[in-house]
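I have placed the structure first, in the form of structure tokens, so that the comments after it can refer back to it.
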Amino acid sequence: MLKQISIFLENSPGRLNNLLKALYERHINITSLAIADTGEYGITRLIVTDPDAATQALKEEGFIVTVTDVLAVLISNKPGTLYAVTKLLYDNGVNVEYAYSALPNEYGKALIIVRVDYPENAEKALAKAGIEMLDSLEGPIA
């Protein structure tokens, strides 16, 4: 499982820039990013190379930060493969709370970041079905 950092962020000029600057100044690389807004505020979700350092840095800069476990599921980039994953999770009593894609380092593959209500159950079901999951987004995906 990966550690995802979620940041509650005001939707105002420069706020995202300040967040990114805090990570840049500490040499923390972002390997996946999703931003959802609700008008005045939003949630920025990040997978980074050093979640502990990123969390500390962002809290020092005054950001509201939470850390959650997510799955990084590597699937074929063809019709029906994401459906197969969500069906497998559903069939095993696991609810997908949200998902977003990340950029893989290999053509023909899709990398999906998934937040579920029972991560351990999801991991077991996916592994049993032979679906590859990544523990890190650093370096090339083989």
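Some notes on this structure:
- Residue in the range 98-112 that is part of a loop (DSSP other than H, G, I, E, B), surrounded by fewer than 15 Cβ atoms within 10 Å (Cβ to Cβ) and touching a residue at least 60 places away in the same chain (Cβ under 8 Å) present: yes
- Pairs linking a residue in the range 45-70 that is within 10 Å of LEU2 (Cα to Cα) and charged (D, E, K, R) to a residue that is assigned to a helix (DSSP H, G or I) and modelled with pLDDT under 95, with Cβ atoms under 9 Å and 6 or more positions apart or on different chains, are ASP69/PRO119.
- Residues of the range 52-79 satisfying the condition of being touching a strand residue (DSSP E or B) at 6+ places or on another chain (Cβ under 7 Å) and surrounded by fewer than 17 Cβ atoms within 10 Å (Cβ to Cβ): LYS59, ILE64, THR66, VAL67, THR68, ASP69, SER76, ASN77
- Residue satisfying all of: in the range 3-25; open to solvent by less than 40 Å² (accessible area, probe 1.4 Å) and under 18 Å from THR68 (Cα atoms); modelled with the lowest pLDDT among these: LEU9
- Residue list for the range 26-42, filter: open to solvent by 50 Å² or more (accessible area, probe 1.4 Å) and under 12 Å from the mean Cα position of the chain (by Cα): ILE30, LEU33, ILE35
The values are calculated or read from the model by the stated rules, or taken from the named source; none is laboratory data. This is a predicted model, so every value here is computed, not measured. No Cβ is skipped: glycine too gets one built from the backbone with ideal geometry, and neighbour counts run over all protein chains shown. Heavy atoms of the whole protein, side chains included, go into the accessibility calculation; ligands, DNA and RNA do not. Shrake-Rupley method; radii C 1.70, N 1.55, O 1.52, S 1.80 Å.
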